[in-house]
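This report refers to the structure that appears directly beneath it.
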Amino acid sequence: MTSDDIEEGSNNTRAINYDESLAITREIHWVGFLEEGSRLRCNPYLLIDGKGDDVILFDPGSIPDFPKVMRKVIDLVPPQKITGIVVSHQDPDVCGNLAVIEDIVENPNLKIYAHLNTIRLIAHLGLVGQLQDIAKIDNRLTLSSGRILDFIPLLYLHSPGAIATLDRQTKSLFSGDVFGAIGTDNDLFSADDFPHSMDSFHQAYMPSNKVLRPAMDMLSGLQIDRILPQHGAVLEGDDVAIAIEHLRRLPCGVDLMEV
Ligand SMILES: [Fe+2]
Ligand SMILES: [Fe+2]
């Protein structure tokens with residue numbers, strides 16, 4: 001499915017076929033799915049670098065997610081073409097299916113990119129491939145086309161090894177749990193009550209505004225055209241700056257505990 005298939009509905013919302021993958025840009029595809037009754041939709045993404053030979057999968061998801069995610073990936077590329085998997089942190093909803101993905105990909109050159117604090121934990125998933133500590137490649141992956149992906153540590157948001165990834169070419173930030181949202185609103189491109197749609201997830205899962213605020217200050221200095229979170233809605237245009245400023249001020253985690 002391409003953006004041409006996304007039509008304006010009669011109530012001014014976009015009618016989207018979530019049974020197919022969705023092109024967010026020409027080369028970045030959402031390969032998630034909607035799960036009836038779930039309030040925490042997961043968003044795996046696939047980057048197919050058109051100028052080179054690299055295909056990068058971001059946060060492929062859980063074991064139960066595997067068949068649906070993989071069907072959408074296979075509709076786009078043969079799995080053997082996948083050269084890298086980026087893991088924002090070690091949670092089961094993020095990467096519980098890594099071992100089976102590795103099995104299907106069958107690419108001996110496949111690399112899994114993560115922070116060392118994450119690698120120590122995902123090593124227990126029974127993986128056989130190469131785990132690449134992003135610090136050892138200066139937090140940067142240069143694809144064969146020359147396209148650069150910058151890994152941005154967002155430590156303790158909410159995991160000690162949490163990272164985001166910035167695709168310099170499209171200024172797209174794959175943000176992991178940060179900027180995520182819980183809710184029944186299943187639109188991938190807009191959230192009811194934005195930016196408050198992000199509140200409950202960050203209040204529950206992020207440790208403190210003391211950690212969140214400097215991360216938002218850092219992100220506000222980067223050129224970001226869109227944010228692709230692992231949960232909730234894709235944020236584009238003015239919503240990027242609104243989301244950053246909103247989270248910069250949001251009390252969360254221990255800030256809300258009575259001691
Ligand atoms: Fe998480
Ligand atoms: Fe998550």
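Each reported figure results from applying straightforward, stated rules to the coordinates on display, with no laboratory input. Note that the structure is a prediction, hence the values are computed from the model and not measured. Note that each Cβ is placed from the backbone with ideal geometry, even for glycine, and that neighbours are counted across all protein chains shown.
Some observations on this one:
- Pairs from the list Lys51/Lys111; Lys51/Lys171; Lys72/Lys136; Lys51/Lys136; Lys51/Lys81 with a Cα-Cα gap above 23 Å: Lys72/Lys136; Lys51/Lys136.
- Extension gain, Leu222 to Ala135: 0.36 nm times the residue separation minus the Cα-Cα distance gives 29.3 nm.
- The stretch 235-259 versus the stretch 102-141: alpha-carbon centroid distance in Å: 30
- Computed FRET value (nearest 0.05) for Gln203 with Leu116, which takes r as the C-beta separation and R₀ as 30 Å: 0.60
- Aspartates and glutamates with Cα under 15 Å of Lys68, excluding same-chain neighbours fewer than 8 positions away: Asp19, Glu20, Glu35, Glu36, Asp59, Asp93
- Whole-percent pair-distance distribution, where bins are 10 Å wide, for the alpha carbons of the stretch 3-256: 7, 33, 39, 19, 2, 0
- The DSSP beta bridges internal to the chain are antiparallel in roughly 65% of cases.
- A Förster radius of 41 Å combined with the Cβ-Cβ distance from Ser38 to Asp238 puts the calculated FRET efficiency at roughly 0.90.
- Shape call, the stretch 135-239: gyration tensor on alpha carbons, a/c limit 1.5: oblate
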